[in-house]
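Okay, so here's the structure we're looking at.
Any read-out appearing in this document is the output of simple, stated calculations on the displayed coordinates, not a laboratory observation. Keep in mind that what you see is a predicted model, and the values were worked out from it rather than measured. Note that each Cβ is placed from the backbone with ideal geometry, even for glycine, and that neighbours are counted across all protein chains shown.
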Amino acid sequence: MLSIESRIGSAPKPLIAAFFFLFLISVPAWSPTGKPSSAAELAAYTGADRERLLLDGAKREGKVVWYTTLAAEQNKQLAAAFEAKYPGVRVETFRTGSSALTQRLLTEAQARRHIADAIETTLPGLLTFRDNKLLLPYTSPHLAAFPEDAKEKGPRNLVYWTHARESYIGFAYNKNFLSAADLPKNFDGLMRPALRDNMGLSGDDTGARIIGAMVKTKGEGFVKRLKEQNIRMHMMAGSALTQLVAAGEIFASPSQFYSATNVAAKRGAPVAWIPMDLVVTNAGGAAVYTNSQRPHSALLFADFLLSPEGQKLLEDLYFGSAKKDYGFNRWYPEKSGTLAQYEEALEGWHKLLKEVTRK
């Protein structure tokens, strides 16, 4: 049998040239310095000099364009901390709601207008970006500190995103109107007589998702029994509903964010928060746009959000950290299946929410 060398040597010269061309384009780009040269190589790089390498490149790039759904004051504080830690790298922030951010990035990608570098948004948007191949799989020196549930696995032990911040939905109440004996310790406790006529639920996705948690834990039959409690539905976000609880207009709500309740309590409101059997968790993930024009800056920013310093800043802004055990069972509704399955389930939860509440 002829060797490969013999067969190549006997082939016509055009064929030889074509063979070597195919060989060259099939081999990953390699830098003579042994350092990563492409965005994909940068994203997977685990060398001890990763931070220095990213920072040097980020300084050449000059800025990072960050697409986020965090509130303006929150993203300003994070951007300022990043700029203080990495002088010479400016953060240019675009902030909007989850649906608007998702549509903007999809539209820009389709038009090949690659503006974004780093992305921080909630799971439905991230799932959409992943499914449309708009996320660059990456690693980070901080990944080992995060549980597997907080990472969306990509190829070659990389991730598409990691939960940078979490918000928890549970039962909040006004301490002036409910005694300790009236408080529920779980979803079953929502049927207590003292809560009849005195509870409210958010009419947006926050309320629907807590209905989903009840269905998952107790079944649809239990949820339908809640109609006996004469719960009022309020067409406002869960955080806004906190104000009604604090004012005593309703005594309690099982669709309340821990963060909003905690902020109100620190400002003197007589409110407190209790986790239920399953705590619906709204997660925001740190991701990198696959067509980033500034990959060094994008990866450096993602590393910053996941670093102990970034996590501490987010906790100071009343977010939870996926790295910590707060003593309750988290549930990420979007991770139960595909995005289409989640959207179908969410629609069903909304229908149940309307069925068991009154306006």
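Once fully extended, how much extra length lies between N132 and K324, figured as 0.36 nm per residue of separation less the alpha-carbon to alpha-carbon distance? Let's see the in-between values first.
Values: separation 192, 0.36 × 192 = 69.12 nm, distance 3.13 nm.
Stretched out fully, the N132 to K324 stretch lengthens by 66.0 nm.
Between F94 and A247, what is the spin-label point distance in nm, taking each point 7 Å from the Cα along the Cα→C-beta axis?
Rounded to a tenth, the inter-label distance reads 3.7 nm.
So what is log10(I(q)/I(0)) for the stretch 137-223 at q = 0.11, 0.22 1/Å, when the Debye sum runs over its Cα atoms only?
Cα-only, vacuum Debye calculation for the stretch 137-223: -0.52, -1.07.
What nm value, rounded to one decimal, do you get for the distance between A84 and K335 when each label is placed 7 Å out toward the C-beta?
Between A84 and K335, the simple spin-label model gives 3.2 nm.
Rg and Dmax of the stretch 67-124, Cα atoms, in Å?
12.4, 35
Just how large is the dipole of the chain about the Cα centre, in debye to the nearest 20, putting +1 at every Lys and Arg Cβ and -1 at every Asp and Glu Cβ?
200
Exceeding 26 Å between C-alpha atoms, which entries from my cross-link table qualify? They are K227/K323; K153/K324; K175/K312.
Beyond 26 Å: K227/K323; K175/K312.
I'd like the distance separating the alpha-carbon centroids of the stretch 93-162 and the stretch 163-231, in whole Å.
So the two Cα centres are separated by 32 Å.
Given points 7 Å out from each Cα along the Cα-Cβ axis, report the D197 to K224 separation in nanometres with one decimal.
Taking the two extended label points, one gets 2.6 nm.
Using helices alone, I'd like the mean residue ellipticity at 222 nm for the chain: each DSSP H run of four-plus residues gives -39500 (n - 2.57), total over residue count, nearest 500.
Details: 14 runs with 153 residues, N = 359.
Mean residue ellipticity, 222 nm, calculated: -13000 deg cm²/dmol.
Between Q103 and A240, what is the FRET efficiency for a Förster distance of 25 Å, r being their Cβ-Cβ separation, to the nearest 0.05? Before the final figure, lay out the partial values.
Numbers: r = 24 Å, r/R0 = 0.97.
Calculated transfer efficiency: 0.55.
Could you tell me whether the stretch 39-170 comes out rounded, prolate or oblate from its Cα gyration tensor? Rule is a ≥ b ≥ c as square roots of the eigenvalues, rounded for a/c under 1.5, then prolate if a/b exceeds b/c, otherwise oblate.
Details: a/c = 1.25, a/b = 1.11, b/c = 1.13.
Since a/c stays below 1.5, the shape of the stretch 39-170 is classed as rounded.
Shape call for the stretch 215-359 from the C-alpha gyration tensor, a ≥ b ≥ c root eigenvalues: rounded (a/c under 1.5), prolate (a/b greater than b/c) or oblate? Please report the intermediate quantities before stating the final value.
Working: a/c = 2.33, a/b = 1.45, b/c = 1.60.
Taking the square roots of the gyration eigenvalues as a ≥ b ≥ c, the stretch 215-359 is oblate.
So if we plug the beta-carbon distance of A71 and E41 into 1/(1 + (r/R0)^6) with R0 = 25 Å, what FRET efficiency do we get, rounded to 0.05? It would help to have the intermediate numbers written out before the result.
Details: r = 35 Å, r/R0 = 1.40.
After rounding, the FRET efficiency stands at 0.10.
Can you return the aspartates and glutamates within cross-link range of K59? Criterion is Cα-Cα under 18 Å, with same-chain partners fewer than 8 residues away left out.
Reachable aspartates and glutamates: D49, E51, E83, E92, D117, D303.
Eigenvalues of the Cα gyration tensor times 5, then square-rooted: what semi-axes does that give for the chain, in whole angstrom, largest first? Could the numbers behind the result be given before it?
Working: eigenvalues 461, 108, 55 Å².
Semi-axes, largest first: 48, 23, 17 Å.
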